[in-house]
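Right, one structure below, let's go through it.
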Amino acid sequence: MAKDTDRVFEYCQDPLFERYLTVPWPYRLEHAEGFLGEYVPAGWMSDREYTWALRDPAGPELLGVIALRLTGESVAADASVHRVGSIGFWLGAPHRGRGLMPEAQRLVADWAFAAQIINVMHWECLLGNVASARAAWKSGFRYSGMGPSIAAYRDGSHPDSWQGHLCAEDDRSPQPGWPAEALAR
């Protein structure tokens with residue numbers, strides 16, 4: 001929503017965003033305006049990317065953003081077709097550490113799986129982004145390994161990332177097999 005432009009701009013000044021996210025850097029007000037005024041509506045209109053504002057039920061303040069991008073289909077060894085989407089998210093610094101993201105991920109996954117938009121959800125984060133890894137682990141993602149990121153970084157490179165996936169039929173409890181450094185506090 002356009003009324004969130006200043007808050008998006010403010011949150012995207014966080015040095016962690018420069019380090020771990022693909023947002024433009026330095027992040028300018030026109031980036032926030034384009035994101036909210038063009039990018040988000042175009043994603044919904046094309047049915048290629050769905051973006052939600054995260055808000056506290058007690059008030060209208062923007063806390064963060066979560067999105068599901070449709071990334072394609074793949075055929076498994078058993079000939080089943082996997083419709084894949086990739087989840088991405090961020091929280092403004094004042095709202096981190098409250099356990100909000102696992103719940104938001106659960107809601108997006110429930111929606112996407114129930115609507116049969118996807119049957120596999122992909123997650124990845126750049127190495128070292130422990131907060132993102134912990135949120136994915138808490139949401140029931142299975143650790144898939146470490147490798148070049150699927151999503152291009154802002155410079156076009158594909159740096160190493162931790163990766164995971166969640167299938168529609170998966171148990172949503174934390175799964176074993178995650179590297180200790182991805183879950184460290």
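The values are calculated or read from the model by the stated rules, or taken from the named source; none is laboratory data. All values derive from a computational prediction rather than experimental measurement. Note: ideal-geometry Cβ built from the backbone for every residue, glycine included; neighbour counts use all protein chains shown. Each accessible area value is taken on the protein alone, full model and side chains, heavy atoms only, with ligands, DNA and RNA left out. Shrake-Rupley method; radii C 1.70, N 1.55, O 1.52, S 1.80 Å.
Would you check which residues across the range 26-60 are of a type in the set (Gly, Ala, Ser) and assigned to a loop (DSSP other than H, G, I, E, B) and list them?
Ala58, Gly59, listed by residue number.
Those residues that are in contact with a Phe, Trp or Tyr (Cβ under 9 Å, 6 or more places away or on another chain), under 24 Å from Val23 (Cα atoms) and exposed (fewer than 15 other Cβ atoms within 10 Å of the Cβ), I need them from the range 152-182; list them, please.
Within the range 152-182, Arg154, Pro159 qualify.
Just to verify a result, which residue in the range 105-125, among those that are of a type outside the set (A, V, I, L, M) and part of a helix (DSSP H, G or I), is surrounded by the most Cβ atoms within 10 Å (Cβ to Cβ)?
By that ranking, first place goes to Gln105.
I need the full set of residues from the range 131-154 which are assigned to a loop (DSSP other than H, G, I, E, B) and closer than 10 Å to Leu166 by Cα, in order please.
Ser139, Gly140, Phe141
Please pick out the residue among Gly177, Gly128 that is assigned to a loop (DSSP other than H, G, I, E, B) and touching a strand residue (DSSP E or B) at 6+ places or on another chain (Cβ under 6 Å).
Gly177
Keeping to the range 155-174, report how many residues are over 21 Å from Ile118 (Cα atoms), of a type in the set (S, T, N, Q) and not in a loop (DSSP other than H, G, I, E, B).
So the count comes out to 1.
State which residue is surrounded by the fewest Cβ atoms within 10 Å (Cβ to Cβ) when the search covers only the range 89-102 and only residues that are more than 11 Å from Gly64 (Cβ to Cβ) and in contact with a Lys or Arg (Cβ under 9 Å, 6 or more places away or on another chain).
For the range 89-102, the residue satisfying everything is Gly99.
Is it true that some residue in the range 130-149 is open to solvent by 30 Å² or more (accessible area, probe 1.4 Å) and under 23 Å from Ser46 (Cβ atoms)?
Within the range 130-149, none of the residues are open to solvent by 30 Å² or more (accessible area, probe 1.4 Å) and under 23 Å from Ser46 (Cβ atoms).
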